[in-house]
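Q: To start, I am sharing the structure in question, which I have written as structure tokens.
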Amino acid sequence: MPAVSGSSSRALNAILPLVASGQPYEAHQKARTFASRYSKSGQYDTAIDVLFQSARELLKVGQQGSGTDLTLFLLEVYESKGEAVDDESRGRLTQLIALTGSSGSWRKTIIDRSISWSARHGDCPAGDQDLHHYIGELLYKDGAFDAAEPHFLASGKRDSARSLANMMIEWSAAGGALGNFALRGTLPYLQNGNIVGARTFISQFIAQVISSRPKLISPLQSSPLPVTPTGEITHTTEPVLNFCQLAVLTCQRANGDKNKVMRESWVRLCGTYQSKGGVLATREVRTTLQEIATLYFAIPPPRTQPDNPLGAMISSMLGGGMPGGGAPPRRMLSPAVSGLSAPGLD
């Protein structure tokens, strides 16, 4: 049985033996009663300790329903207290998320509420980066690739970008064009102004691809654009992989409308590859690339913008608003991203 703090010992000494003796319902009810009493009297830390330890022990014995209920109550107390996101407050949640297991919808419920709390009480409006990364890794290990993807993207950390690249390689093995998986990592990071994430992702993705499929290396090492020495990218026989690498490097050197060489290079890059057809020529990707053009190169969007499901998905996933409320203000990076670091990244 876990050690208990002095302030919460009375409650936990009455609750935890019930769990150990096979009386989870009684333990759950006592935990709610004690925690409610402590919370109403402003003893938030005591309520938090009671709820965390009770939820943890219930989850350990397979009581996901009761454990989830107490975890959600814990998040309510976090909100009442105004609990800030730090290693301790985050650590309680990651423990409980891990113990909840993947069966049913219990874990997703806790994850969604945890991210919402961290968005309100942390530094990142899309939710705490470390919490997103932990959740992404957990879901990735469980094989829930589609559920892990938005968490790696929202985290934006280098480690998240590397893990996302590794996951996309595994995912592509089940079928689908490699280029499509490369775009799913590269474009959202660029849209969010995260050059470090985009570069880390595509570098790791290409390295993994070439390691397993060395025949993808192209014997032609000429670049269609004067944006980089050829040694900075790995030319492949897959045009979309080449485009992703060149897009990241071009955006990295952007400076709004001040760097006209890079501005023209971006237009040539998109025109060259979109003229070949394929996924880069689809309406959704064209519109996403236009948003990136506005963000990095101050290239104004067309007067009439078609609906952009991919852009709406990415915007919603990264904390933006959904379409439908009038024309959104034009996003531009300020100051322009021209180096290899960005605020909020490790």
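Q: Go through region 264-307 and report how many residues are open to solvent by less than 70 Å² (accessible area, probe 1.4 Å), without any contact (Cβ under 8 Å) to a residue 40 or more places away in the chain, more than 20 Å from VAL196 (Cα to Cα) and assigned to a helix (DSSP H, G or I).
A: Total satisfying the criteria: 8.
Q: So, in region 100-123, how many residues would count as being assigned to a helix (DSSP H, G or I) and out of contact with any Lys or Arg (no Cβ under 6 Å at 6 or more places or on another chain)?
A: Final tally of qualifying residues: 16.
Q: Continuing with this model, one more query. For residues in region 25-35 being surrounded by fewer than 19 Cβ atoms within 10 Å (Cβ to Cβ) and in contact with a helix residue (DSSP H, G or I) (Cβ under 8 Å, 6 or more places away or on another chain), which is farthest from LEU58 (Cα to Cα)?
A: Top of the filtered list is ARG32.
Q: Filter region 100-114 down to the residues that are buried (at least 21 other Cβ atoms within 10 Å of the Cβ) and touching a Leu at 6+ places or on another chain (Cβ under 7 Å) and list them by number.
A: Matches in region 100-114: THR100, ILE110, SER114.
Q: What is the number of the single condition among (1) closer than 20 Å to TYR78 by Cα; (2) open to solvent by 70 Å² or more (accessible area, probe 1.4 Å); (3) of a type in the set (D, E, K, R) that LYS60 does not meet?
A: Result: LYS60 passes all but (1).
Q: Can you give me the number of residues within region 115-141 that are at pLDDT below 95 and surrounded by fewer than 18 Cβ atoms within 10 Å (Cβ to Cβ)?
A: Residues that pass the stated criteria total 2.
Q: A further question on this structure: Please verify whether region 65-76 includes one or more residues that are under 23 Å from LYS141 (Cα atoms) and not in a helix (DSSP H, G or I).
A: no
Q: Now a separate question. Checking PHE52 against (1) aromatic (Phe, Trp, Tyr); (2) open to solvent by 50 Å² or more (accessible area, probe 1.4 Å); (3) in contact (Cβ under 8 Å) with a residue 40 or more places away in the chain, which single condition isn't satisfied?
A: (2)
Q: Please pick out the residue among ALA247, ALA254 that is open to solvent by less than 60 Å² (accessible area, probe 1.4 Å), among the aliphatic types (A, V, I, L, M), at pLDDT below 95 and in contact with a helix residue (DSSP H, G or I) (Cβ under 7 Å, 6 or more places away or on another chain).
A: Going through ALA247, ALA254 in turn, the sole match is ALA254.
The values are calculated or read from the model by the stated rules, or taken from the named source; none is laboratory data. All figures in this text were calculated on a predicted structure; none of them were measured in a lab. We place every Cβ from the backbone using ideal geometry, glycine too, and count neighbours over all the protein chains shown. These accessible areas exclude ligands, DNA and RNA; they are computed on the full protein's heavy atoms, side chains included. Shrake-Rupley method; radii C 1.70, N 1.55, O 1.52, S 1.80 Å.
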